[in-house]
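S.K.: I am attaching a structure below and will ask some questions about it afterwards.
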Amino acid sequence: MSKTAKTAKQQMKDVITSAIKKAIELGELPQGDAPDFIIETPADKSHGDLATNAAMVSAKAFRMPPFKIAQAITNNIDLENTLFSKFETAGPGFINFFLSPDYYAMVLKEVEEEKESFGQSDFGKGKKVMVEFVSANPTGPMHMGNARGGALGDCLASVLDKAGYDVWREFYVNDAGNQIEKFACSLEARYLQIFDSTVPFPEDGYQGGDITDLANLYNEENGDKLLNCSSEERKKALVDFALPKNISKMQSDMAKYKITYDKWFFESELHNSGAVKEVVDILTKKGLTYEKEGAVWYKNAEVCTQILLSQGKSQEYIDKLELKDDVLIRQNGNPTYFTADIAYHKNKFDRGFDTLIDVWGADHHGHVMRMKGAMDAIGYNGDKLDVVLMQLVKLVRNGKLVKMSKRTGKAIQLSDLLDEVPVDSARFLFNTREANSQMDFDLDLAVKEDNQNPVYYVQYAHARICSIIKALEKDGITLRSCTKEELTLLNAPEERDIINHLASFEEEIIASAKDYDPTKITRYVTTLANLFHRFYNACRVKGEDESLTQARLNLCVAVKTVIKNVLTMFNITCPDSM
């Protein structure tokens, strides 16, 4: 919440505490210690701006009915020099407080003074947080899950930054291991088929048309130079040719999506540095590995069972999970993806991050406990690894499911989406549904330029305010800073609703950061746009009273400031005209 809102809440707490103390001194309440009470915003605005349950929770301590306690408290309330204008007792003993005009004026002054920093806080205390997101397999093009994960991860990182964390964005490139071997075999087969159509294709190979395209491109540039090479030489040459092109395409797609990473981390770095072997050695020294059928196994079931027991889970519950051990080193001597992933997360912690946040697809649900347990097993704190699980996204057009690109006739890729849908729409719409809920992405809605499209609706509110300012300037009315007394003229319900909403901006950002949920902010700014449109329809900005005109113009500018803060935070265009 804003500084003014925090001040009001603290004043109310002090007023209640002082009133209880005075009531005890006067004998209106018996001697005793009042328990902690809460101050909250009532759902019904007629019940005041803030309410407390102080009387309700004190019934046992004072051995009196809550309503009588409330009367004793209110008999001794003094609102002088506070941001409240009145109070009243309601129901069985709730005490409701109503904010004064000074409060609303001070909130607007706060927005005016803080401008682009309004909403920022030091909640995160500068703690280092890494958000790793997208991390798509470089053996193929990025898909719709990557589109949702990109928007979600990037906007989550922005929220955390606004909430006072030191944020780092990272993309993990799986350029080593089994999937690269499969990529190599698939490329080799498609390349050889150019010269001999009878060459078999691996049963587990990558069937995508992109593999064929890459093989053809190599042939166009290099011809048959690989025909007489050994299979290993051929595969290496094809991977060395194709993988950088895929990674470059990923990087250009992310740039088009307005996502900039602090680091693209390559899995091969872990293998080349010995970091993967190191985690196996650590687990072995701790007695958490064993050999079976020529492979090295990790005692995952044992580690996870101990974690669950420490959390109070029953053995019956654990047995139902059917926990299994994991292979670390295959029979052929190659480490598994899981082993490299342990090494990667160890590397993250070793770089000094306090918290690791991974954005994963929901199909990785079973991997969460394994990775947290592995961190504990190698001597780190698995609780400092948080995973945001993201459900599937479906593309819809004309109310029907869409799977193929109109342009290519193939499965829709991230690049296809960005060719069809404005980036601003994609980034905003993907953050209108919580990560843990399945999402239908409406392609028709995403390209609409009307109020049905949430991002357009918000952008239009900003542009509308810019238009109001320009129109008034043509009439000779130039924005100026208002006095507190002038701002207290803003007493219409629509005006106060906006100001109350502005005051909650910082609180919403902190809640969004706590819950790893940037959708709270898209909802917040959509509501703000709606409140502004309601205000504009109910209250004339330009009126006969110059002070009221300036006060309303200042209110418009405050809304404009906060809309811009949100859109800029999410790297979405903030137009002055539409």
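S.K.: Under 21 Å Cα to Cα from K403, which lysines show up? Leave out anything in the same chain fewer than 8 places away.
M.R.: Qualifying lysines at Cα under 21 Å: K394, K448.
S.K.: Can you tally the net charge around L531? Count Lys and Arg as +1, Asp and Glu as -1, for every other residue whose Cβ sits under 15 Å from the Cβ of L531.
M.R.: Numbers: positive: K45, R464, R496, R523, R534, R552, K560; negative: E494, E495, D497, E508.
Local net charge: +3.
S.K.: Something else: Among the helices of the chain (complete DSSP H runs), which have Cα atoms covering no less than 24 Å along the helix axis and a Kyte-Doolittle mean of at least -1.0? Intermediate results must be reported in sequence, preceding the final value.
M.R.: Values: long enough: 3-25 (33 Å, -0.59); 144-162 (27 Å, 0.22); 231-256 (37 Å, -0.80); 454-474 (30 Å, 0.23); 519-538 (29 Å, -0.15); 546-569 (34 Å, 0.64).
Those that clear 24 Å and a mean of -1.0 are 3-25, 144-162, 231-256, 454-474, 519-538, 546-569.
S.K.: For the chain, what does the relative contact order come out to in percent, with C-alpha contacts under 8 Å and a separation of six or more? Don't jump to the answer; show the numbers that get you there.
M.R.: Numbers: 885 pairs, mean separation 93.4, N = 578.
Result for the chain is 16 percent.
S.K.: Over the alpha-carbon set of region 202-318, divide Rg by the Kirkwood Rh and report the Rg/Rh ratio to two decimals. Please report the intermediate quantities before stating the final value.
M.R.: Values: Rg = 22.0 Å, Rh = 19.3 Å.
My calculation of the ratio gives 1.14.
S.K.: By the gyration tensor of its Cα atoms, with a ≥ b ≥ c the square roots of the eigenvalues, what is the shape of region 271-353: rounded for a/c under 1.5, prolate for a/b over b/c, or oblate? Kindly include the intermediate steps, with their values, before the conclusion.
M.R.: Values: a/c = 2.51, a/b = 1.40, b/c = 1.80.
Cα axes put region 271-353 in the oblate bin.
S.K.: Which value, in debye to the nearest 20, gives the size of the charge dipole of the chain about its Cα centre, when Lys and Arg are +1 and Asp and Glu are -1 at the Cβ? Present the calculation step by step, with values, prior to reporting the outcome.
M.R.: Values: 70 positive and 85 negative charges, 103 e Å.
Dipole size: approximately 500 debye.
S.K.: A further question on this structure: Measuring with a 1.4 Å probe in the full set of protein chains, what accessible area per residue, in whole Å², belongs to region 512-563? Let's see the in-between values first.
M.R.: Values: 1990 Å² over 52 residues.
That works out to 38 Å² for each residue.
S.K.: Still on this structure: Taking region 132-259, how many lysine pairs are there with alpha carbons less than 28 Å apart, if each pair must be eight or more places apart or span two chains?
M.R.: 18
S.K.: For D440, enumerate residues with amide H under 5 Å from its amide H, sequence gap 5+ or separate chain, H modeled in the peptide plane.
M.R.: K394
S.K.: Would you mind checking the pairs K324/K372; K125/K346; K127/K348 and listing those with alpha carbons more than 19 angstrom apart?
M.R.: Details: K324/K372 15 Å; K125/K346 23 Å; K127/K348 14 Å.
Among K324/K372; K125/K346; K127/K348, the Cα-Cα distance tops 19 Å for K125/K346.
S.K.: Of the DSSP beta bridges with both residues in region 42-177, give the percent that are antiparallel, rounding to the nearest 5. Working shown, then result.
M.R.: Values: 9 of 14 bridges.
If we restrict to bridges inside region 42-177, about 65 percent are antiparallel.
S.K.: Taking the chain as the region of interest, what is the percent of Cα-Cα pairs per 10 angstrom bin, listed from the shortest bin to the one with the maximum distance?
M.R.: 3, 14, 19, 20, 18, 13, 8, 4, 1, 0, 0
S.K.: Right, another one. If a/c stays under 1.5 just call it rounded; otherwise compare a/b with b/c (prolate if a/b is bigger, oblate if not). Do that for region 1-152, with a ≥ b ≥ c from the square roots of the Cα gyration tensor eigenvalues.
M.R.: Details: a/c = 3.06, a/b = 2.19, b/c = 1.39.
Since a/c reaches 1.5 and a/b is larger than b/c, the shape of region 1-152 is classed as prolate.
S.K.: Only bridges with both residues in the chain count here: give the DSSP antiparallel percent, nearest 5.
M.R.: Values: 23 of 46 bridges.
Antiparallel bridges make up about 50 percent of those DSSP assigns within the chain.
S.K.: Starting from the Cα gyration tensor of region 80-126, take the square roots of the eigenvalues, sort them a ≥ b ≥ c, and report rounded, prolate or oblate (rounded when a/c is under 1.5, otherwise prolate if a/b is larger than b/c, else oblate).
M.R.: On the way: a/c = 3.81, a/b = 1.81, b/c = 2.10.
Verdict is oblate for region 80-126.
S.K.: Find how many whole Å separate the alpha carbon centroid of region 449-521 from the alpha carbon centroid of region 344-384.
M.R.: Using only Cα atoms to place each centre, the spacing works out to 40 Å.
S.K.: I would also like to ask the following. Specify which residue in the list A463, L243, W168 is farthest towards the positive end of the charge dipole of the chain, using unit charges on the beta carbon of Lys, Arg (+1) and Asp, Glu (-1), about the Cα centre.
M.R.: Most positive-ward Cα: A463.
S.K.: Given the rule -39500 (n - 2.57) for each run of at least 4 DSSP H residues, summed and divided by the residues of the chain, what is its mean residue ellipticity at 222 nm, to the nearest 500 deg cm²/dmol? Walk me through the numbers on the way to the answer.
M.R.: Working: 24 runs with 302 residues, N = 578.
Roughly -16500 deg cm²/dmol at 222 nm, from the helical runs in the chain.
S.K.: For region 254-304 and region 194-238, compute the distance between their C-alpha centroids and round to whole Å.
M.R.: With region 254-304 and region 194-238 each reduced to a Cα centre, they are spaced 30 Å.
S.K.: Let me ask you something else. Heavy atoms only, probe 1.4 Å: what % of the accessible area of region 142-240 goes to carbon and sulfur, would you let me know? If you can, show how the numbers build up before the last one.
M.R.: Numbers: 1910 of 4170 Å².
Within region 142-240, the accessible surface is 46 percent carbon and sulfur.
The values are calculated or read from the model by the stated rules, or taken from the named source; none is laboratory data. Please read these numbers as outputs of a predicted model, since none were measured by experiment. Note that each Cβ is placed from the backbone with ideal geometry, even for glycine, and that neighbours are counted across all protein chains shown. To get the accessible areas, we keep the full protein, side chains included, count just its heavy atoms, and leave off ligands, DNA and RNA. Shrake-Rupley method; radii C 1.70, N 1.55, O 1.52, S 1.80 Å.
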